[in-house]
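The block underneath contains the structure these notes are about, expressed in structure tokens.
What follows draws every value from the coordinates through simple rules; no lab data is involved. Predicted model only: the values in this text are computed from it and were never measured. When we count neighbours, we look across all protein chains shown, and the Cβ atoms used for this are built from the backbone with ideal geometry, even at glycine.
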Amino acid sequence: MQNPFESGHIKNYILLYASVVVIMILFFFATTMFQKDEKIEKKVFSTKIVEKKVTKESNKDNNKTTRFKLIDVNY
């Protein structure tokens, strides 16, 4: 294998590296120039507390309508 410093191939390596850096810089400038600044609207969440009223009758109805029977004893 030849030493690139002695054979003169180092110029090719430097040109390759420089061209990659230039392409990266051009892509950076292209993305910053053509990027649209979008305004993001602030989201406002409701602060109202919603209370659900549970009656004994509704609990009985919910148990009757289920397809599966739950075990009464927890292990």
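The table for this structure:
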{"quantity": "Ranked by how many other beta carbons lie within 10 Å on average, peptides 13-20, 45-52, 29-36 from highest", "calculated": "13-20, 29-36, 45-52"}
{"quantity": "Reachable aspartates and glutamates from LYS53, criterion Cα separation under 20 angstrom, eight or more residues apart if same chain", "calculated": "ASP61"}
